[in-house]
Structure formats: structure tokens, C-alpha cells
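First the structure, in the form of C-alpha cells, and then the observations on it.
The values are calculated or read from the model by the stated rules, or taken from the named source; none is laboratory data. Owing to the predicted nature of the structure, the values given are computational and were not obtained by experimental measurement. When we count neighbours, we look across all protein chains shown, and the Cβ atoms used for this are built from the backbone with ideal geometry, even at glycine.
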Amino acid sequence: MAYLIFRKGWRLLGLVFPILYILTSREITLFYTSVTLGIFLLGDLFRFLNSDFNHWLFIRFKLILKAEEKKRFLTTTTTFLISSVLTIIFFKKEVAIYSLSFLVIGDAASALIGTYVGRIKIKNKSLEGSLAFFITCLISAALLNKLSKLSLPLPVLLIGVLTGAVVEVLPLPWDDNFTIGLSCGIVMTIILR
């Protein structure tokens, strides 16, 4: 239990990017997100090329890293950062901020609720986790609309949140840390046209 809570707490630090984007510009947010991505890519490259460092890293950061990441080139944090950079590049500010928020908050909520409360299984996920994703993202969207100058129409947000919840539960070949934010952004952009 502590492992998942710590891991999702680590991921909640990813809210720094949508918050930074709310407070600053695309350029500043993209710069800091890209620098962070560069650091993690270099770490993954070094980890992948040096098995001793890889082993040390997985012992030292066992509460953040999944065991199956040890043999993969990219960790889920790096995948999240790639998705974040692409989301900031390809979508307008409001869409990017909501998409990144849905990715961070929804993924954490679905994992925690799905693991500890989930009973109705959908492949290796749960209906309860998907509902947690949907509800927490709706709440975060409402809070963003209320507390910031952001404002997307409610139907766009509803469909964006639903997209994220569906993509999170689908057994896609790609990491959901990559697909959720981008999928939300694509769908909300299409609806806004």
C-alpha cells in the first residue's frame, strides 16, 4: 500500500507543469518541462547502458520505480514527461493545462481507488478506478475553471475527461502516461473546432 501511495505522490509532483503553465507562458513551461525531460532521458540512457547503475537506482528508488521498468529503456516518469512536452507543443494553452491535469490527477486516483476499492475488473484495471478517474478529473476541471482564468465549455471538458478515463482503462500497447494527456488534448481540440 505504501508503495503505491508513494509512487502516485511522486507523480502528483507532475502538477508543477500545468501550474507553471497557468502562471507563465508556453515558452517558459516548455523550457522547464524539456529540461526536466532531458535530465530523465539522460538518466534512462545511463541506466540502460550501465547495469550496475540501473541496479543501484532500482534499489535506491524502489518506491518510485516499478520492477518491470528495470528492463525497459524509458521509465514511466520519462514517458510522462515526453507526453507533457508534446502536449504543451501541440495544443493551445487551455487544452494542454486541462489535459496534463487529467493525466496527473486521474491516473493517480484511478490507481489508488482501483487497487484498494476496485472489485469489478476490466482487464487489469477496474470500473471503480475508472470512475475515480472521471470524478476527480471533473472536480479538477471545475476547480481550474473557478480558480483560474481558464474556461473551456463544460461539454468539451466532459468529453475530455471521458476520453482520459476510457484511454486509461484500455489495454493499449503504449504506456497510459503517454496516451492519456495526448488523447484528451486531441479530442478536446477536435471538439473546439
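Descriptive notes on the structure:
- Pairs linking a residue in segment 104-125 that is touching a residue at least 24 places away in the same chain (Cβ under 8 Å) and within 16 Å of residue 171 (Cβ to Cβ) to a residue that is part of a helix (DSSP H, G or I) and among the β-branched types (Val, Ile, Thr), with Cβ atoms under 6 Å and 6 or more positions apart or on different chains, are 122/169; 125/169.
- Count of segment 168-193 residues which are more than 12 Å from the chain's Cα centre (by Cα) and either under 18 Å from residue 77 (Cα atoms) or not in a helix (DSSP H, G or I) (or both): 6
- The residue pairs whose first member lies in segment 134-150 and is over 13 Å from residue 109 (Cβ atoms), whose second member is among the aliphatic types (A, V, I, L, M) and outside any helix (DSSP H, G or I), and whose beta carbons are closer than 7 Å, counting only pairs six or more residues apart or on different chains, are 144/150.
- Residues in segment 42-58 that are without any contact (Cβ under 8 Å) to a residue 24 or more places away in the chain and either more than 20 Å from residue 81 (Cβ to Cβ) or acidic (Asp, Glu) (or both): 50, 51, 52, 55, 56.
- Count of segment 147-167 residues which are part of a helix (DSSP H, G or I) and not hydrophobic (A, V, I, L, M, F, W, C): 4
- Of all residues in segment 10-37 being of a type in the set (Gly, Ala, Ser) and surrounded by 13 or more Cβ atoms within 10 Å (Cβ to Cβ), the one that is nearest to the chain's Cα centre (by Cα): 14
- In segment 143-164, the residues that are among the hydroxyl-bearing types (Ser, Thr, Tyr) and either surrounded by 12 or more Cβ atoms within 10 Å (Cβ to Cβ) or in contact with a His (Cβ under 9 Å, 6 or more places away or on another chain) (or both): 148, 163
- Candidates 69, 128 - the one that is touching a helix residue (DSSP H, G or I) at 6+ places or on another chain (Cβ under 6 Å), among the acidic types (Asp, Glu) and over 19 Å from residue 24 (Cβ atoms): 128
- Whichever residue in segment 115-145 is of a type in the set (D, E, K, R) and part of a loop (DSSP other than H, G, I, E, B) and, among such residues, is modelled with the lowest pLDDT: 123
- Close pairs (7 angstrom Cβ cut-off, 6 or more residues apart or separate chains): hydroxyl-bearing (Ser, Thr, Tyr) in segment 171-193, part of a helix (DSSP H, G or I) anywhere: 179/167; 183/163; 183/164; 183/167; 189/95
- Test result for residue 85, at pLDDT 95 or above and surrounded by fewer than 22 Cβ atoms within 10 Å (Cβ to Cβ): yes
- Qualifying residue in segment 106-128 (condition: surrounded by 14 or more Cβ atoms within 10 Å (Cβ to Cβ) and closer than 17 Å to residue 188 by Cα): yes
- Inter-residue pairs, beta-carbon under 7 Å, first more than 19 Å from residue 61 (Cβ to Cβ) and in segment 73-89, second β-branched (Val, Ile, Thr) and at pLDDT 95 or above, 6+ apart: 84/33; 85/33; 88/29; 88/33
- Checklist (1) in contact with a Gly (Cβ under 9 Å, 6 or more places away or on another chain); (2) under 17 Å from residue 178 (Cβ atoms) applied to residue 82, failing item: (1)
- Positions within segment 44-61 being touching a helix residue (DSSP H, G or I) at 6+ places or on another chain (Cβ under 7 Å) and among the polar types (S, T, N, Q), in sequence order: 54
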